[in-house]
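**Q** I'd like to ask some things about the structure below.
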Amino acid sequence: MKTNQTDKIIRSWQTNARKAIPAIRTFLKRFAGSLPTQRVLEEVHEEVFSGFDCLSCASCCKNSSPVFTRADISRIAGYIGLKPGEMETRFLVSDKEGDFIPASKPCPFLETDNTCRVYEVRPKSCRGFPHTDNRTAWERHAVMAGNAAACPAAFAIVERFRTSAKA
Ligand code: SF4
Ligand code: SF4
């Protein structure tokens, strides 16, 4: 059941997301001014993710560049038995903003079965992604449009609200 639902959501994202993103950007800008309650956002997020298997996807770990804060690096380095500086040299690079991001895509901590080698201590930005259960994140409408482009489940959640708004 979960596999069927996951396949359906991934297929819809693959087929429709690229074409829908301009309209989604416009919708999210308007939606940010009249957001539902935090509880409603959490309910829809929960409903979509409860029927979705992220281990069949891992698009975020394969294609995105999550920020690793100093606190993340220190925690993860301890977990894998490295000094923070060694972890930075081996796995990370500094981006234009000076943030640490993975040195490669897919993320160097992604295993071949789509599990995360550092899951228990993963970066805060990975833990919250795609932030569709966070009302404040919906206010950053351009970022949320990017999340819908990158994440099948976020796309499904955004499309749920966009369809209701059209009805
Ligand atoms: S959070 Fe989104 S992109 Fe990442 S694995 Fe789950 S559905 Fe895929
Ligand atoms: S640290 Fe783990 S959860 Fe974050 S991108 Fe890498 S593999 Fe994915």
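**Q** When region 141-167 is examined, which residues are found to be without any contact (Cβ under 8 Å) to a residue 24 or more places away in the chain and in the same structural domain as Pro22 (by TED's automatic domain parsing)?
**A** Scanning region 141-167 gives Val143, Gly146, Asn147.
**Q** Just checking: which of the helices (runs of 4 or more DSSP H) contained wholly in region 1-70 hold 1 or more residues that are under 18 Å from Phe161 (Cα atoms) and away from ligand 2 (no atom under 16 Å from the Cβ)?
**A** Helices (runs of 4 or more DSSP H) meeting the threshold: 2-31, 38-50.
Conditions tested, residue by residue: (1) in a helix (DSSP H, G or I); (2) among the hydrophobic types (A, V, I, L, M, F, W, C); (3) farther than 21 Å from Pro130 by Cα.
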| residue | (1), (2), (3) |
| --- | --- |
| Arg75 | yes, no, yes |
| Leu82 | no, yes, yes |
| Ile101 | no, yes, no |
| Ser104 | no, no, no |
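**Q** Scan Glu47, Glu42 and give me the residue that is within 30 Å of Arg117 (Cα to Cα), in contact (Cβ under 8 Å) with a residue 40 or more places away in the chain and surrounded by fewer than 17 Cβ atoms within 10 Å (Cβ to Cβ).
**A** Glu42
**Q** From the residues in region 84-99 that are in a strand (DSSP E or B) and more than 21 Å from Gly128 (Cα to Cα), which one is modelled with the highest pLDDT?
**A** Val93
**Q** Hey, can you tell me all the residues within region 108-128 that are farther than 16 Å from Asp53 by Cβ and of a type outside the set (D, E, K, R)?
**A** Listed by number, the residues that qualify are Pro108, Phe109, Thr112, Val118, Val121, Pro123, Ser125, Cys126, Gly128.
**Q** Continuing with this model, one more query. For region 123-131, state whether one or more residues are of a type in the set (Gly, Ala, Ser) and under 27 Å from Ile157 (Cα atoms).
**A** The answer is yes; a qualifying residue exists.
**Q** Considering each of Val143, Val93 in turn, give the residue that is more than 15 Å from ligand 1 (Cβ to nearest atom), of a type in the set (A, V, I, L, M, F, W, C), on the phi < 0 side of the Ramachandran plot and surrounded by 12 or more Cβ atoms within 10 Å (Cβ to Cβ).
**A** Val93
**Q** With the structure loaded, tell me whether Cys126 is within 14 Å of ligand 2 (Cβ to nearest atom), within 16 Å of the chain's Cα centre (by Cα), part of a helix (DSSP H, G or I) and over 17 Å from Ile21 (Cα atoms) or whether it fails that test.
**A** For Cys126, the condition - within 14 Å of ligand 2 (Cβ to nearest atom), within 16 Å of the chain's Cα centre (by Cα), part of a helix (DSSP H, G or I) and over 17 Å from Ile21 (Cα atoms) - is met.
**Q** Out of all the residues in region 111-140, which are more than 19 Å from Glu46 (Cα to Cα), within 14 Å of ligand 1 (Cβ to nearest atom) and not basic (Lys, Arg)?
**A** Glu111, Asp113, Asn114, Thr115, Cys116, Tyr119, Pro123
**Q** Still on this structure: Within the group Lys29, Lys83, Lys8, which residue is in the same structural domain as Asp99 (by TED's automatic domain parsing) and either of a type in the set (Lys, Arg) or touching a Ser or Thr at 6+ places or on another chain (Cβ under 7 Å) (or both)?
**A** None of the others qualify; the one that does is Lys83.
**Q** If a residue must be exposed (fewer than 12 other Cβ atoms within 10 Å of the Cβ) and of a type in the set (D, E, K, R), how many such residues does region 1-29 contain?
**A** Matching residues across region 1-29 total 4.
The values are calculated or read from the model by the stated rules, or taken from the named source; none is laboratory data. Because the structure is predicted, anything quoted here is derived from the model rather than measured. Ideal geometry is used to build each Cβ from the backbone, glycine not excepted, and the neighbour counts take in all protein chains shown.
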